[in-house]
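Visitor: Mind looking over this structure? Questions follow.
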Protein chains: 4
Amino acid sequence: MSAKFSTEIRVRLPETDSLGVVYHGCFLTYFDVARMDYLRSLGLLEKFRRGESLNLVVHASADFRSPARFDEVLVVHVRVRRIGDTSVHFDFRVTLKADGRLVAEGRSVHTFIDSATWEPRRVPEDFRAAVLAFEVSPLDEKA
Amino acid sequence: MSAKFSTEIRVRLPETDSLGVVYHGCFLTYFDVARMDYLRSLGLLEKFRRGESLNLVVHASADFRSPARFDEVLVVHVRVRRIGDTSVHFDFRVTLKADGRLVAEGRSVHTFIDSATWEPRRVPEDFRAAVLAFEVSPLDEKA
Amino acid sequence: MSAKFSTEIRVRLPETDSLGVVYHGCFLTYFDVARMDYLRSLGLLEKFRRGESLNLVVHASADFRSPARFDEVLVVHVRVRRIGDTSVHFDFRVTLKADGRLVAEGRSVHTFIDSATWEPRRVPEDFRAAVLAFEVSPLDEKA
Amino acid sequence: MSAKFSTEIRVRLPETDSLGVVYHGCFLTYFDVARMDYLRSLGLLEKFRRGESLNLVVHASADFRSPARFDEVLVVHVRVRRIGDTSVHFDFRVTLKADGRLVAEGRSVHTFIDSATWEPRRVPEDFRAAVLAFEVSPLDEKA
């Protein structure tokens, strides 16, 4: 997976466990932090924050390739793989900043919902347009 | 501190850190879980759940006496030390179930607020009455 | 999925987020707590605790079917779906205790490793035997 | 409290709870992240990471002044208030970056221990010297 967007996250002590490595469940948080950074960079987070454009996580998965440890800096790469009628599919790849080693990969799927009824609704046009404009433009930034 | 109420919590893997022991911040969660169990046992949690009787944590502190590890069972003792006009003061003591060793002690102070304005309001009379009835009755259960 | 083993978990306040529901990443913790309870019930946790029988999570996934909220009691059903040469595959299903509503489903895959080299090693025979004895016996308990 | 060192932390979704604000226990993590940043900036974190210079949290407390919400950027100010024979005392102050509003204040006390016996030991001279050199120099940076 190649991604134009990435964000850096330094591992916090409470994210490690007594095996000495990052607890696997924390990677869903890392994915989410990176996704929020991605949305903020495209101007799409503000409506979510105000509750005007809600989406629910309906699926998340992760494959853990190698351990990460306290105080290491991770690079979380994000891209939107697909936008359906009501859903958005994200891909993630986490590498170690120091040496580029692959740490984890993952996916999440989000469904837009009506903020009153929590029923699925179409992906808003401004969301779709902003993501497509970013993703299909030439990979000239951080590819 | 002697307390009539206690609850048991088994240490989860993500609550430990790479030093091999429970991360100190998790004890505020343990205190909180025990406090909710205390309130539920007195019939005082339902209004909080429904948002009709809100309170905010305004202070929390903890002294860490000895480490706890993955899968150990902790006993969290709780009592209300004081009820003021708008505030409730809780004391906590965490021991290891296996041998009674003292693990941590702590306190928290909560202020009742109006659910609309988030301004302080008097501790509800039913809350005050239920807690006093429990705390001042003879220590005949788990003292 | 039908499972013979299940465990109950009450949702804690810090496990919810500002959307008012359990944060999706917490379900990996719930799966893990249930898995540990499963292993403990089969007498297989003690060696893990002592570091004599380590395994790593190499994959985890979850599908989120409906929201869970603060103080609700979840029932987490667990079973081992498959044991390979070096890996163990778990299935999870989370329901609401109050009404049986499906909340989430998930899977995780774990690879046994040598505690010194962290290289994959065969699933220990006592582990394999204990799980098979439990899983293939008639579904007479909590099916 | 005036402090020469501060670090910025953006509130993550899982750090909020269903009351819509940051869960109070997360502030101990924020204090800790800021403390680690402080130690790193003084060149004192590396020995801790390698397990050569361990310290335990023996006390932590926090006063919560106003709520923080998802995606808000917090500024966590840190200083060492006192270094004793075996202990180091930290002060924290958390403000909202957007408007400087006070969010929380806190303290933590850490005891240096021998990495083999976990018995208290004197604060290492290089630690003491580096902190004093930083703290007593004129408040010319971010006071």
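The values are calculated or read from the model by the stated rules, or taken from the named source; none is laboratory data. The shown structure was predicted, so the numbers you read here are calculated from the model rather than taken from an experiment. When we count neighbours, we look across all protein chains shown, and the Cβ atoms used for this are built from the backbone with ideal geometry, even at glycine.
Visitor: Need pairs with beta-carbon distance below 6 Å; first residue in contact (Cβ under 8 Å) with a residue 24 or more places away in the chain and within segment D:65-87, second of a type in the set (Asp, Glu) and surrounded by fewer than 19 Cβ atoms within 10 Å (Cβ to Cβ); sequence gap 6+ or separate chains.
Guide: Hits for this filter: D:Val73/D:Glu8; D:Val75/D:Glu8; D:Arg79/D:Asp91; D:Val80/D:Glu135; D:Arg81/D:Asp91.
Visitor: Which of the residues that make up segment A:1-20 are more than 8 Å from every other protein chain (Cβ to nearest Cβ) and either modelled with pLDDT under 95 or within 19 Å of A:His89 (Cβ to Cβ) (or both)?
Guide: A:Met1, A:Ser2, A:Ala3, A:Lys4, A:Phe5, A:Ser6, A:Thr7 - these are the residues of segment A:1-20 that are more than 8 Å from every other protein chain (Cβ to nearest Cβ) and either modelled with pLDDT under 95 or within 19 Å of A:His89 (Cβ to Cβ) (or both).
Visitor: Here's another thing I want to ask about it. Any residue at all in segment D:14-34 that's in a loop (DSSP other than H, G, I, E, B) and among the acidic types (Asp, Glu)? Can you show your working first?
Guide: At the first step, the residues of segment D:14-34 found to be in a loop (DSSP other than H, G, I, E, B) are D:17-21, D:23-25.
Those still in the list that are among the acidic types (Asp, Glu) too: D:17.
Yes.
Visitor: Could you identify the single residue in C:Asp114, C:Asp126 that is within 18 Å of C:Arg40 (Cβ to Cβ), among the charged types (D, E, K, R) and touching a Leu at 6+ places or on another chain (Cβ under 9 Å)? Walk me through it before giving the result.
Guide: Values: C:Asp114 fails: within 18 Å of C:Arg40 (Cβ to Cβ).
Result of the check over C:Asp114, C:Asp126: C:Asp126.
Visitor: Would you mind telling me which numbered condition in (1) part of a helix (DSSP H, G or I); (2) of a type in the set (A, V, I, L, M); (3) within 30 Å of B:Val22 (Cβ to Cβ) B:Ala104 fails?
Guide: Evaluating B:Ala104 over (1) part of a helix (DSSP H, G or I); (2) of a type in the set (A, V, I, L, M); (3) within 30 Å of B:Val22 (Cβ to Cβ) leaves (1) as the failure.
Okay, residues lined up against (1) farther than 23 Å from A:Pro120 by Cβ; (2) of a type in the set (A, V, I, L, M); (3) surrounded by fewer than 21 Cβ atoms within 10 Å (Cβ to Cβ):
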position	(1), (2), (3)
A:Met1	yes, yes, yes
A:Glu15	yes, no, no
A:Phe31	no, no, no
A:Arg35	no, no, no
A:Tyr38	no, no, no
A:Val58	no, yes, yes
A:Arg65	yes, no, yes
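Visitor: Okay, moving on. Can you find, within segment C:36-59, the residue that is farthest from A:Glu105 (Cα to Cα) among those that are touching a strand residue (DSSP E or B) at 6+ places or on another chain (Cβ under 6 Å) and either aliphatic (A, V, I, L, M) or in contact (Cβ under 8 Å) with a residue 60 or more places away in the chain (or both)? Give the steps one after another, and end with the answer.
Guide: So in segment C:36-59, the residues touching a strand residue (DSSP E or B) at 6+ places or on another chain (Cβ under 6 Å) come out as C:37-38, C:54-59.
Next, from what is left, pick out any that are either aliphatic (A, V, I, L, M) or in contact (Cβ under 8 Å) with a residue 60 or more places away in the chain (or both): C:54, C:56-58.
Working: C:Leu54: 22, C:Leu56: 15, C:Val57: 13, C:Val58: 11 Å.
It comes out as C:Leu54.
Visitor: Might you check whether a residue that is more than 14 Å from chain D (Cβ to nearest Cβ) and surrounded by fewer than 13 Cβ atoms within 10 Å (Cβ to Cβ) occurs anywhere in segment B:103-122?
Guide: Among the residues of segment B:103-122, at least one is more than 14 Å from chain D (Cβ to nearest Cβ) and surrounded by fewer than 13 Cβ atoms within 10 Å (Cβ to Cβ), which makes the answer yes.
Visitor: Tell me, yes or no, whether segment D:87-100 has at least one residue that is more than 30 Å from B:Leu56 (Cα to Cα) and exposed (fewer than 13 other Cβ atoms within 10 Å of the Cβ).
Guide: For segment D:87-100, residues more than 30 Å from B:Leu56 (Cα to Cα) and exposed (fewer than 13 other Cβ atoms within 10 Å of the Cβ): absent.
Visitor: If you take just the strands (runs of 3 or more DSSP E) that sit entirely in segment D:43-97, which of them hold at least 2 residues that are within 11 Å of another protein chain (Cβ to nearest Cβ) and modelled with pLDDT of 95 or more?
Guide: Details: elements: D:54-64, D:73-83, D:87-96.
Filter on segment D:43-97 gives D:54-64.
Visitor: Could you list, in sequence order, all residues of segment C:21-42 that are among the basic types (Lys, Arg) and either under 23 Å from A:Val58 (Cβ atoms) or within 14 Å of chain A (Cβ to nearest Cβ) (or both)? Let's see the steps before the verdict.
Guide: First, pick out the residues of segment C:21-42 that are among the basic types (Lys, Arg): C:35, C:40.
Within segment C:21-42, just C:Arg35 meets the criteria.
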